[in-house]
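No value in this document is a laboratory result; all are computed from the given coordinates. Computed from a predicted model, the values in this text were never measured in an experiment. Note that each Cβ is placed from the backbone with ideal geometry, even for glycine, and that neighbours are counted across all protein chains shown.
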Amino acid sequence: MLELLSRAVRSERAQLAALARREGLGDEDAMDCVHDAFCTFLQLAIRGELPRDAARAAFLAGIVRNVARNRRRRHHHARAHEPLDDVPSGAPAGGPDEQVARAEEHIRLHACIDRLCDTQRAVVTLRMLEERDGEDVATELGITRGYVDVLLHRARGSLAACMLDSE
């Protein structure tokens, strides 16, 4: 079984990383995506749930594609990142009214973050504001990666509701 995985890694790694990059991930995220796909592939091999030899390459490509899309969706890789605290230098962020509105929204967001429970606030701070990896956050907080994702999902819902209520 390990030999099967080893052969797949050697022969398919570059093509699978290229596939993940075509799905919109950067180089590092693409390699993480391929690693996650190989882990899933290995788990399926252990359970005896892999397709026949002819379909394995397409099956593995499908896993990579799904992992890449999920990673991009969960981590908002399709959106351009604009930090809340930074205004581009040399270019005003709009008129005074727009700047005041952005500042008020920023203050409301931080007030909503302060209302979250301690664990959710820690997850939001580490994952969204400090942009740390989910595994790092899980390790630091002593919880599982899946629970980090659940807490972040719930916190986002709470933050969205709080922002609508505070308008």
(message) I need the GluC sites (Glu not before Pro) found in the stretch 18-57, filtered to DSSP loop residues with at most 10 other beta carbons within 10 Å of theirs.
(response) 49
(message) What's the magnitude of the charge dipole for the stretch 2-75 around its Cα centre, counting Lys and Arg as +1 and Asp and Glu as -1 at the beta-carbon? Answer in Debye, nearest 20.
(response) 260
